[in-house]
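The values are calculated or read from the model by the stated rules, or taken from the named source; none is laboratory data. If you're wondering where the values come from, they're calculated on a predicted model, not measured in any experiment. Glycine also receives a Cβ, built like all others from the backbone with ideal geometry; neighbour counts cover every protein chain displayed. Heads up: the accessible areas ignore ligands, DNA and RNA and are worked out on the full protein's heavy atoms, side chains in. Shrake-Rupley method; radii C 1.70, N 1.55, O 1.52, S 1.80 Å.
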Amino acid sequence: MSTLLEEINKRRTFAIISHPDAGKTTLTEKLLLYGGAIHLAGSIKSRKTQRHAVSDWMEIEKQRGISVTSSVLQFDYNGFKINILDTPGHQDFSEDTYRTLMAVDSAVMIIDAAKGVEAQTKKLFKVCRERRIPIFTFVNKLDRYGKAPLDLMDEIEKVLGIPTYPMNFPIGIDGKYLGVFDRQKNQVELFAEDTSHGQLERNSEIFAADSPEMIDRIGQETYDALQDDLMLLDEAGEDFDKAKVDAGDLTPTFFGSAMTNFGVQNFLEEYLKLAPPPAPRVSSDGIIEPDDDKFSAFVFKIQANMNPAHRDRLAFIRICSGKFERNMNVWHAQEDKSIKLSQPQQFLAQDRQIIDEAYPGDIVGLFDPGIFGIGDTLTDSAHKFKFEDFPIFPPEKFARVQAKDTMKRKQFTKGIEQLTQEGAIQLFNQVGAGTESYIVGTVGTLQFEVLQYRLKSEYSVDVILTMQPFEVARWLKFEDGKPVTPTSLRGADRGMFVTDRNGQPVLIVENEWSLGWIRENNPNLILNPVPFED
């Protein structure tokens with residue numbers, strides 16, 4: 001029987017981050033393929049006759065070919081227990097991605113070989129760097145024409161400010177690479193032609209670094225070019241330093257093609273060796289070590305209607321310490337009471353199974369009757385504390401939302417409140433405007449399309465959505481403690497005066513200039529980009 005520490009050391013929990021269309025969900029599929037979790041890989045931008053990616057389970061994702069919510073994917077490989085969190089790449093869904101990064105121990109950053117470092121990659125990398133998350137880089141799409149490997153490494157270092165250490169190096173010419181040289185093992189892996197369009201594992205052969213047969217296969221000119229590149233890396237490149245990798249100051253870099261399974265298995269195996277096991281977490285009681293035998297976890301994601309037939313709602317928890325057991329009683333810090341954790345589940349996207357136990361690093365889904373919130377802490381009742389707060393992002397886009405059919409008011413209210421609890425949208429009530437509509441705030445406009453789609457498909461409610469001309473929201477409080485109302489606030493008519501779900505007053509205005517006027521004309525007013533703490 002395994003000890004707690006042995007189980008912890010088997011776990012690898014990571015997020016995959018990238019700019020949209022860099023191949024993030026495709027790589028996730030292929031890791032599942034090599035892990036034996038699936039037997040035929042799907043295509044993200046698929047024809048109607050083809051399969052959809054396992055990790056894109058929401059109907060709108062299948063139609064649009066994008067990921068709009070994080071997926072949780074779990075499988076075993078070579079003695080490791082792997083938890084992958086496949087995150088949305090589109091910037092309009094970055095809140096979900098930021099929260100997901102709170103629940104992982106490392107991140108895999110995908111770079112498109114043709115496009116290099118893109119805008120959303122920079123933002124996500126910055127979050128990882130601030131949290132000191134170890135970052136592993138997979139340079140993708142080597143089956144297409146792109147930038148030279150050495151140029152890509154130079155770009156990563158200059159744009160992101162992190163040195164690279166190529167664990168492998170591609171062999172061949174741009175767009176027609178034949179294999180990779182493994183720098184750690186000092187050997188060459190040549191791949192057979194991809195005949196399944198990436199749906200099956202790709203065959204390969206291993207050769208010694210100076211094998212005459214290998215040189216004959218790739219040609220003397222290609223071999224000489226490889227030797228020149230490797231010599232340059234040895235002389236001018238970074239030295240491998242595991243301590244720097246663990247600190248997020250050096251990124252091990254792999255080259256491959258997720259679409260054609262080129263270099264994917266090599267990446268998976270090397271990543272599992274190098275990636276850290278579950279890390280300690282910061283709490284109100286100090287550092288919580290994973291091998292502390294007292295159970296603790298936090299909620300990082302809430303998802304409504306993963307199974308539309310049952311209208312269920314799940315809270316995803318990251319286990320931080322101790323052993324999780326089915327039907328165990330734990331302390332819910334935010335509710336300040338004991339609760340029973342029954343019917344815990346683990347996932348392959350929307351496919352799930354009931355589990356009896358889980359360990360630090362694991363992601364577990366709990367049925368949520370409406371008691372959980374993003375960032376909630378669960379602990380052993382003998383050791384009560386709270387984990388560090390999750391970041392809150394101020395909305396930048398606003399719309400008025402109301403049901404087309406007033407007879408469906410009840411379904412509309414239930415739907416919009418449940419979707420709000422997932423954390424993707426923020427809900428406001430306009431003071432004096434009645435209860436027939438809500439003001440919804442989001443980080444990006446694509447969230448409104450998802451909201452409209454999900455209200456119709458999951459709650460059978462058609463809505464009228466009217467965009468508002470505002471881009472800045474500030475929570476309000478007077479220094480002297482007097483209540484903030486539309487009449488007590490000078491210039492309230494320069495924007496929209498609303499209250500959030502907890503009744504806190506909020507002013508939504510068009511721009512920073514309008515905000516400056518409010519600030520100047522209300523000298524004892526405190527303006528906060530996020531809600532005030534109770």
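Among strands (runs of 3 or more DSSP E) entirely within segment 352-435, having at least 2 residues that are crowded, with 21+ Cβ neighbours inside 10 Å and hydrophobic (A, V, I, L, M, F, W, C) singles out 363-367, 397-403.
Any residue at all in segment 455-462 that is in contact (Cβ under 8 Å) with a residue 60 or more places away in the chain, of a type in the set (Asp, Glu) and either in a helix (DSSP H, G or I) or on the phi > 0 side of the Ramachandran plot (or both)?
Within segment 455-462, one or more residues are in contact (Cβ under 8 Å) with a residue 60 or more places away in the chain, of a type in the set (Asp, Glu) and either in a helix (DSSP H, G or I) or on the phi > 0 side of the Ramachandran plot (or both).
Which members of segment 491-534 meet the condition of being of a type in the set (A, V, I, L, M) and either assigned to a helix (DSSP H, G or I) or touching a Ser or Thr at 6+ places or on another chain (Cβ under 8 Å) (or both)?
If we filter segment 491-534 for residues that are of a type in the set (A, V, I, L, M), which is where we start, we get 492, 496, 498, 506-509, 515, 518, 525-527, 530.
Ala492, Val506, Leu515, Ile518, listed by residue number.
Only residues that are open to solvent by less than 60 Å² (accessible area, probe 1.4 Å) and either under 19 Å from Gly434 (Cα atoms) or touching a Cys at 6+ places or on another chain (Cβ under 7 Å) (or both) were counted in segment 487-497, giving 4. Residues in segment 498-508 that are touching a residue at least 40 places away in the same chain (Cβ under 8 Å) and open to solvent by less than 20 Å² (accessible area, probe 1.4 Å): 4 in all. Of all residues in segment 4-22, count the ones that are touching a residue at least 60 places away in the same chain (Cβ under 8 Å), under 20 Å from Val104 (Cα atoms) and not in a strand (DSSP E or B). Matching residues across segment 4-22 total 8.
Residues that are free of Cβ contacts under 8 Å to residues at least 60 places away in the same chain and more than 15 Å from Glu238 (Cβ to Cβ) number at least 1 in the following strands (runs of 3 or more DSSP E) confined to segment 126-192: 168-173, 176-182, 187-191. Filtered by the rule that a residue be aromatic (Phe, Trp, Tyr) and surrounded by fewer than 18 Cβ atoms within 10 Å (Cβ to Cβ), segment 452-469 gives a lone residue, Tyr453. Which one is surrounded by the fewest Cβ atoms within 10 Å (Cβ to Cβ) among residues in segment 470-484 that are touching a residue at least 40 places away in the same chain (Cβ under 8 Å), over 29 Å from the mean Cα position of the chain (by Cα) and assigned to a loop (DSSP other than H, G, I, E, B)? This residue is Asp480. The sole residue among Gly161, Gly175, Gly116, Gly146 that is surrounded by fewer than 15 Cβ atoms within 10 Å (Cβ to Cβ) and farther than 30 Å from Asp389 by Cα is Gly175. Has segment 15-35 got any residue that is touching a Gly at 6+ places or on another chain (Cβ under 9 Å), crowded, with 19+ Cβ neighbours inside 10 Å, at pLDDT below 50 and under 23 Å from Thr100 (Cβ atoms)? No, there is no match, as no residue in segment 15-35 is touching a Gly at 6+ places or on another chain (Cβ under 9 Å), crowded, with 19+ Cβ neighbours inside 10 Å, at pLDDT below 50 and under 23 Å from Thr100 (Cβ atoms).
Taken as a whole, the condition of being within 31 Å of the chain's Cα centre (by Cα) and either in contact (Cβ under 8 Å) with a residue 24 or more places away in the chain or surrounded by fewer than 18 Cβ atoms within 10 Å (Cβ to Cβ) (or both) does not apply to Pro523. Scanning segment 241-257 for residues that are surrounded by fewer than 16 Cβ atoms within 10 Å (Cβ to Cβ), of a type outside the set (D, E, K, R) and farther than 17 Å from Gly161 by Cα turns up just one, Ala243.
Tell me the strands (runs of 3 or more DSSP E) entirely within segment 302-346 that contain at least 1 residues that are touching a strand residue (DSSP E or B) at 6+ places or on another chain (Cβ under 8 Å), closer than 19 Å to Arg281 by Cβ and at pLDDT 95 or above. Give the steps one after another, and end with the answer.
Working: elements: 313-321, 328-332, 337-341.
The qualifying strands (runs of 3 or more DSSP E) are 313-321, 328-332.
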